[in-house]
Amino acid sequence: MQDPIRATSDAKGSVSSYLRTDLRSDILAGLTVSVMGVPQAMAYAMIAGLPPVYGLYTAIVTCAIAAILGSSRHLVTGPTNGICMVMFGVVAYIMNRYPDEGLNGFEVILLLSFLAGVIQLVFGLLRMGGLIRYVANSVVIGFTAGAGILIALNQVQKLLGFELDKSLNATRSYEVLVETARRVGDTNPHALALGVMTALFVIFIPKIDRRLPGALIGVVVASVGGYLLGWFDPAMGAAKVSIVGDTPPGVRGSLPAFAIPEFIRSPNLDLTRDLLGGALAVAILGLIEATSISRTIARSSRQRLDFNQEFIGQGASKIVGSFFSCFAGSGSFTRTALCYRSGGRTRMAALFSAFWTMLALLAFGDVANTIPTAALAGLLIVTAYSMVDKQRIMMSWRSGRNSQIVLVGTIVTALILPLEFAIYVGVFLSLVVILRTTGKTDLAQLVQRDDTGFDEVPFNAAPSSSIVTVNMEGDIYFAAAEDLDAELLRCIKPETRVVVLRMRGLRAVGSTAMAMLAHYWTLLRERRVHLVVSGIQKELEDVMTSTGVRSKIGETNIFFADNKLFQATELAMARAKSIVDWGRENPSTAHDSGLVDRPLVAGDLMSKQCIRFGNKHQLREAVWLMSELHEHTKLLSSEPLFLQDREGKLFGELSPWQILGCLAAGAEGHDTHDLDDEQVAALLRRDFTKPIRLIARTDIARGSLDSSPARVLEASVKNDQQVLPVCDEDGRIKGLLSADDLMRGLMQSVPNAVRKRTRGGTRG
């Protein structure tokens, strides 16, 4: 047990250390976040259809609770545009569903926030923090873009100085766009001027100095300007600019009071049931935002996060906040990033942000009532534009078909359906993509080279052989195991006697996979083909033992994983060869002297030690390989690299002179006499990323295993090749013939020919 005196001493030391090293940084970071966050919080409340003061309450209470109970040192919780838009859509649907109930929209939002907090808290207590990693990044990008478009469309009316019909479905972009266009004639030029001016301040002030709060400056200038010009005076009639104080209850210079929400005091089960779907969407979106933002900052701050603790903090902040007139909030990327850039070091920075926001509310609450809603609308439109992150959208689009499906599905759903459905569709598509990716085990064939090691070729593309080796990787749970045995049968040829399955890379192996393996063993046995498995690790070994598959395959046909790569597979191949040799009929032995008269062929002379290199590599990789070969093998000759395609067939050759010529081409047109070594090297590296298949020589001669030395020599001279590849009938490299090999073969051919002529004379 820890000594309580020592523990107290450590705590005192920790507090004194914080006061000395971190307090000032956290206070200043919190102040910086608050200066930017106050106008942002008021504006985001407008997205949810609430008076701006509730945004300030949320920025105080939820921010403090999440900071106390959360995990991230820099995450700043509060109102966010996406969640506010989802809540607005959910509440609009509920109000239309219960038109005769006389529901209070604000009380519905409090219940929605409470339910979302309970869901998040349960997720955290059940330690389900890891589930968020299965939501694709394209969901966040697509939802954010769709929400940004909806926010901008819904704020145009306020920017123009009028309000659309409350019965309009504000979550359907085309309806809002059509109705706004129809009402353009009602534009208030004074409101438009203030809104555009605020937007310009928000855009250009940070470009002058990133430390200046463009949003706050824009809102203050718009408020002062509108007041001095008399545009807030009710006497102006239709030309009057709407201000925050016109919407009850306005902004009061007081803190939110504790109050139990109406629908928690007197539960409405029908309403609660209808809100659960929207609450789940708010909870999932809030967790995605909070975890993705905190993870991004943690990469820079090198903090290790506890997402389960973060779930608890986010859920508790919503539950507590609903008793203090706060709506659901989440982690804000802009405020969190600003907290980190401003030097925030601990979670106290977020607490100080809440503290400074509270002081601003108490000191300037009444003044905030003069802020024009058009100015806040201008701020929101700029924010909405930044939500459509074109770079991230293009990156997601170029990441492949799966990302495209999730991205487009989420954006389209956000624009044509209520916004909460975009979360469900995005998450559903993410799961579909995961199942598509993991629902098929990757199969490839391994072809053992004559020297050492293996060539990997696409499944069912290896040359016919008595031994078939299949490399299996990926998940092999029930979805992936379906019909896998039938797929594996495709590589069986009439001459196949043994199938070797390399299973080291398999994951998630269960009973369905074992049933498949047992059935595959039975199918092979019916065809008189043996099954050998290799790379068996502990988890797979336990499953095979408990299900009886291990005893069915036989202990002599199972080889366990080893630290040395392919060690188990090499042993399995040795076992397979012994099976083939044992099963083959013994041929009559031929007299050795009969082989003397057989002419020498390329297969007898070639060197099996050859470097094979894939044609998909870049020039820089070929340079590295060449340099390593010369350094470690002490090669004196400039032998080429022979390139092979994905199926292991000969593609062409790449000589050192071709590599040097391509590098030198990057320096053409430059006077290298005036450059230092580093500058010359930079010029030579300009083509480092060039694919080697574009510079390789493909019109090369090749020999077959039964080619005569004379024919090989003729082809070498004709094509000016110092080294000739020898290929099998499928075009795969089996070895190399150099000038030395040819010379040796020609010298050996002379005695054989002399002996053959001598024997012929004797017979005559």
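Converting phi to 3J(HN,Hα) with the Karplus coefficients 6.51, -1.76 and 1.60 and the offset θ = phi - 60°, the stretch 253-270 yields x, 8, 7, x, 8, 5, 7, 7, x, 4, 7, 8, 5, 10, x, 10, 5, 5 Hz in sequence order, with x at every glycine or proline.
The amide H of Phe651, built 1.01 Å from its N in the peptide plane, has Leu643, Gln644, Asp645 as neighbours under 5 Å, considering only residues 5 or more places off or on other chains. A Förster radius of 51 Å, combined with the Cβ-Cβ distance separating Tyr385 from Glu555, puts the computed FRET efficiency at roughly 0.15. The packing ranking of peptides 426-434, 43-51, 241-249, highest mean first, is 43-51, 426-434, 241-249, where packing means the average number of other beta carbon atoms within 10 angstrom of each residue. Its Cα gyration tensor gives the chain an equivalent ellipsoid; the semi-axes, largest first and in whole Å, are 71, 33, 25. Per-residue 3J(HN,Hα) values for the stretch 118-130, derived from phi via the Karplus relation 6.51 cos²θ - 1.76 cosθ + 1.60 with θ = phi - 60°, read 4, 4, 5, 5, 5, 4, x, 5, 7, 6, 9, x, x Hz in sequence order (x marks Gly and Pro). In degrees between 0 and 90, to the nearest 10, how far off the longest principal axis of the chain does helix 189-208 point, with axes built from Cα atoms? Compared with the principal axis, the helix lies near 50 degrees.
Which angle between 0 and 90 degrees, to the nearest 10, do you get for helix 709-718 versus the longest principal axis of the chain when only C-alpha atoms count? Relative to the chain, helix 709-718 is tipped by roughly 50 degrees.
Applying a threshold of 31 Å to the alpha-carbon distances of Lys577/Lys734; Lys552/Lys608; Lys158/Lys318; Lys538/Lys577; Lys538/Lys649 flags Lys552/Lys608; Lys538/Lys649 as lying beyond it.
With 0.36 nm allotted per residue and the present C-alpha distance subtracted, the Leu131-Asp562 stretch has 151.9 nm of extension available. Amide H to amide H, with H built 1.01 Å from N, Ser704 comes under 5 Å of Cys727, counting only residues 5 or more places away or on other chains. Rounded to the nearest 0.05, the FRET efficiency derived from the C-beta distance between Ala574 and Asp740 at R0 = 45 Å is 0.90. Placing +1 on the Cβ of every Lys and Arg and -1 on the Cβ of every Asp and Glu, with no other charges, gives the stretch 1-142 a dipole of roughly 480 debye about its Cα centre. Remark: the Lys718-Glu495 segment gains 76.4 nm on full extension, using 0.36 nm per residue and subtracting the alpha carbon distance. Our estimate of slack between Leu660 and Thr247, defined as 0.36 nm per intervening residue step minus the Cα-Cα distance, is 141.2 nm. Averaging Cα coordinates gives a centre for the stretch 211-231 and one for the stretch 122-192; these two points are 25 Å apart. I'd like the orientation of helix 23-47 relative to the chain: the angle between its Cα long axis and the longest Cα principal axis, in ° from 0 to 90, rounded to 10. Roughly 80 degrees, rounded to the nearest 10. When peptides 487-493, 351-357 are ranked by their average number of other Cβ atoms within 10 Å per residue, the highest-first order is 351-357, 487-493. When both the stretch 409-441 and the stretch 49-115 are represented by their alpha-carbon centers, they are found 25 Å apart.
Would you be so kind as to identify which of Ala374, Val549, Ile119 lies farthest towards the positive end of the dipole of the chain, taking Lys and Arg as +1 and Asp and Glu as -1 on Cβ and the Cα centre as origin? Sorting the options by dipole projection puts first Val549.
The packing ranking, built from the mean of other Cβ atoms within 10 Å per residue, places the peptides 136-149, 614-627 in the order 136-149, 614-627, highest first. Per-residue ellipticity at 222 nm, computed for the chain from helices alone with -39500 (n - 2.57) per DSSP H run of at least four residues, works out to -18500 deg cm²/dmol.
Under a model in which nothing but the beta-carbon of Lys, Arg (+1) and Asp, Glu (-1) is charged, the chain shows a dipole of about 740 debye around its Cα centre.
All of the numbers you see were taken from the coordinates with simple rules; none came from a lab. Worth saying up front: this structure is predicted, and the values here are computed from it rather than measured. Neighbour counts are summed over all protein chains in view; Cβ atoms, including those assigned to glycine, are modelled from backbone coordinates with ideal geometry.
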